[in-house]
Structures are given as C-alpha cells and as structure tokens.
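Reading through the structure tokens given below for one structure.
The values are calculated or read from the model by the stated rules, or taken from the named source; none is laboratory data. Please read all numbers here as calculations on a predicted model, not as lab measurements. Reconstructed Cβ throughout: ideal geometry from the backbone, glycine too, with neighbour counts over all protein chains shown.
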Amino acid sequence: MKRPFSVTIFLITFLLAPSAAFSEEEADRYWPQWRGPRGTGVAPLAKPPLFWREDDNVRWKVELPGRGHSTPVVWDNHLFVTAAVPIGEQLAPKYSGAPGAHDNLPVTQRHEFIVMAINRRDGTTRWQRAVREALPHEGAHHSASLASASPVTDGKYVFAFFGSYGIYCFDFDGELVWKEDFGRMNTKHGHGEGSSPVLFDDTLVVNWDHEGQSFVVAIDKQSGKERWRKARNELTSWATPLVVIDGDKPQVIVPGTTRVRAYDLDNGDVIWKCGGLTANIVATPVAGNGVVYVGSSYGDRAVMAIQFAGAKGDITGSPRVVWNRFRGAPYVPSPLLYGKSLYFLSHYQGILTRVEASTGEDRPGAMRLKGIRDVYGSPVGADDRVYVAGRDGTTVVVQHGDLERILATNKLDDHFNATPVPVGSELILRGEQHLYCIAED
C-alpha cells in the first residue's frame, strides 16, 4: 500500500526520497503541516516573490474572523486555517492569579472556535465550521492567541487542534468525521496553548505538556481513538513533535525541559532520551541525515545536534551529541534546516544565525535583520532564499548561501505571528487581521 504523500516526503526527515505517489513537481503544490513538506521549513521547488507591498504583488487579501496564530496548511488549491472568535457580552475580567499572569489577556468573553477552508486561487471561503463554543478557563499571554496550533492535512482529511477545546477531523467538503477531547490543559503562567499535531500514515500524535500530568498520545486518524498514551515527567512546553525514520522504523521526537525523548510510533516506548535543554520549550526540532536539531532559550541558551540514527537509552553527554552551542538560541521561532545549513533566530529577536549543520560552526554566523524587531513565526526557505516575517508586518528576505545578505524588506499593514507558507509561485501570510496571497501577477 502506498503511503500518502504527506507522510512520506512531508514528515520523514531521515529518508528524503520522493514519494512514489507524487513527483517533485506535483509536491510543490503542498504545505500540509506548519513546518512544510519535509518538516524542515523548506519548500524545495517553490519560487515565491521577492518584493511586495499592499498595492503590489498581492493577488488577494481577505479579512479573517477573530484571532489566531496558527499557520495555514495547503493541499493543492485547498487552504485551511483556524481562529478563535469572541462572541456575546463581555464579562467581568478574570485572571488566573498564577505567577506571570500580569502578562496575560483576561478572560472576558465566550469564544467560538472555527475551522475555515479557503480557495487558494482567489481567497474565497469554501466553508467555515464552528466546532465549539466555550468560555476559556484561562486566557493567554497578551501576545498569544486561543488558536495557535496549526492544522495538518493528508489530502483527504484536515485535522484541527484547539488543545483544551478538542481535536476535530473534517473531510474536504467540510463534513465532520470525528472529534475528541483530551480534557483541560493548564499552562505555565496561564500563557496559553500552541503545540500542533503531527501525522504519519494513519497516526496522529499530540504533545500534551502542561502543569498537570503531561503525556504524549497517538490516535487513529480514521476514528480519533487512542492507540497509546505515555505519561511524561515534564512541565508546560509548546513544541510540536517531529516524526523521523531510523532505518525503517518511525519514531516521534518530543523535546522537553528534562529530556528530549524519542518514542516508538507503534507502541509509545521510549527509544532514546537526552538532557541538555532549558525551560519553556517552544521551538520544534528539525532533522536530516540521521541528526535532529533542538533548541531552547528561556533563562539559559542551548542548541544541540543529536545523532538519533541507531540511538538507544540515555545518550546525555555521549558522543551522540554531535555539537552544542550556548548562544543565539531560539525561543519561540523554530529552526530552519536548509541544505547543509541550520538557521535559527536569537530568542524571538530579529537576529538570524546561520551555522554549518554538521559542525555547528558559524557559516557565517549571526546577522541582524534590519527592519525586524520581534519574531514569533519561524523562518522558511525557498528558491535559495530565507523568509522571516516579523510581528510588526515586515518580512525580510535573506539570500541563502555562503554570501548571506538581505535581498528585500517588505512591509504590509498587518502583524504576523504565524509562519509564512511558500507554495508554488506564492507566499501565504496569515496576519492578525488578514490572510494574504503574495504572487507576481
């Protein structure tokens, strides 16, 4: 049986052979998960524009309801995005009272959690579904949202995850196939939820790290029923799991404060684990050539390259930690693995570091992205360029290669917290208010 394209070339990061089901040219029409077709942040054949502004190279721009930081996913001409929409009367402000809660938005209204399917050609809405209405039990950091987890699709179904407010499976016609609820998540400082699900073959994996009993759970994509669940000795993290293949064995890598762990996708057994990260894990790993790259930057800084191929047991401090760095590490944005280069942003600031992926050595090192201050979305690679979208509406395009330089600085009338989506000849940008399709017409 052929594996769907989304789980062969999109999610495996050790074996990068094209799927038998699709050619590379056909693959260029897809961005099925928030870190792209190979889980590395790279669109191999996409050629998005270099320059744009509100009145130039904007094919379409549509207003989005509510708020959300989730990155859209694309399957051919189908684009999916989620949001949380405040409804009804405002209530008296309610704060969690937890340490750090002064940074949070108060809960003052009920919210409707929605999934939207949009026509990629013209931006029209194919369908919109409200999946749940609820008064959130906690707010989120003032810079976050209640719809920060990105959906994932396999070309037949789209899976939308709202954390405490459930996970939902729709077909492409907007019919609800199943829904499941894992209960209430209580995040550190009440800062909100954000880990996205990943899909491999018929299995969805969800990371549920919070201030209660944390766990990682694998569920059947056809029915939503649990296949296995493993408790984790972890506090809140926001990182999305990564599926890789070692030999012919898929494993799920989930970073955490105490350990990075790799779970057997079939049964949830821990294959290997490695300490060395810091607290508040947000950045999602990337992997290639049998090495996984992880980073964190809350308090202390840490970036590590771990050889997962053949790893067993506790490998902390072993030679399987190929290299590590203690500066310039990513906090919110995830790293980008582009060819032989690893890119990561310092904390969530506009300082981009490029290193040799195999050694961790500066190639050429850090550069300041003029025009960008804060970044939540992750860098993406396409057409020998790196695209970084800032929270103030500025997107900087950097040349990929030995001569690293800024090629363009583009400004739109919005604020970007989601990751850019390069697909085909387009760049999809999800803002606080609008969804943009950037294309040269």
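Name the residues in the stretch 424-434 that are under 19 Å from SER145 (Cα atoms) and surrounded by fewer than 22 Cβ atoms within 10 Å (Cβ to Cβ), would you?
Correct list: GLY431, GLU432, GLN433, HIS434.
Evaluation of HIS347 against the conditions (1) of a type outside the set (S, T, N, Q); (2) more than 22 Å from GLY41 (Cα to Cα); (3) surrounded by fewer than 23 Cβ atoms within 10 Å (Cβ to Cβ) shows that the sole unmet condition is (2). Regarding the stretch 408-423, can at least one residue be identified that is among the hydroxyl-bearing types (Ser, Thr, Tyr), part of a loop (DSSP other than H, G, I, E, B) and within 20 Å of ASP300 (Cα to Cα)? No - not one qualifying residue is present in the stretch 408-423.
Restricting attention to the stretch 369-402, the residues that are closer than 15 Å to LEU337 by Cα, surrounded by 21 or more Cβ atoms within 10 Å (Cβ to Cβ) and without any contact (Cβ under 8 Å) to a residue 60 or more places away in the chain total 3.
Can you name the residue in the stretch 136-150 that is small (Gly, Ala, Ser) and in a loop (DSSP other than H, G, I, E, B) and, of all such residues, is surrounded by the fewest Cβ atoms within 10 Å (Cβ to Cβ)?
By that ranking, first place goes to SER143.
Considered as a group, the residues in the stretch 151-173 that are under 24 Å from HIS415 (Cα atoms) and among the aliphatic types (A, V, I, L, M) include one that is surrounded by the most Cβ atoms within 10 Å (Cβ to Cβ), and that residue is ALA160. Within the stretch 343-379, being assigned to a loop (DSSP other than H, G, I, E, B), under 14 Å from GLY295 (Cα atoms) and either touching a Pro at 6+ places or on another chain (Cβ under 8 Å) or of a type in the set (A, V, I, L, M, F, W, C) (or both) holds for SER346, TYR348, ALA357, SER378.
Conditions tested, residue by residue: (1) modelled with pLDDT under 95; (2) over 17 Å from the mean Cα position of the chain (by Cα); (3) among the basic types (Lys, Arg).
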| residue | (1), (2), (3) |
| --- | --- |
| ALA357 | no, yes, no |
| ARG373 | yes, yes, yes |
| TYR376 | no, no, no |
| ASP384 | no, yes, no |
| THR394 | no, yes, no |
| VAL397 | no, yes, no |
| LYS411 | no, yes, yes |
| ARG430 | no, no, yes |
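Could you list all residues from the stretch 222-266 that are assigned to a strand (DSSP E or B), surrounded by fewer than 21 Cβ atoms within 10 Å (Cβ to Cβ) and of a type in the set (Gly, Ala, Ser)? Answer for the stretch 222-266, where residues must be assigned to a strand (DSSP E or B), surrounded by fewer than 21 Cβ atoms within 10 Å (Cβ to Cβ) and of a type in the set (Gly, Ala, Ser): just ALA231.
The rows are residues; the columns are (1) free of Cβ contacts under 8 Å to residues at least 60 places away in the same chain; (2) on the phi < 0 side of the Ramachandran plot; (3) within 17 Å of the chain's Cα centre (by Cα).
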| residue | (1), (2), (3) |
| --- | --- |
| THR187 | yes, yes, no |
| LEU199 | no, yes, yes |
| TRP208 | yes, yes, yes |
| GLY212 | yes, yes, no |
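Candidates ALA117, ALA134, ALA92, ALA140: the one that is of a type outside the set (Lys, Arg), under 30 Å from GLY39 (Cα atoms) and either more than 20 Å from the chain's Cα centre (by Cα) or modelled with pLDDT under 90 (or both) is ALA140.
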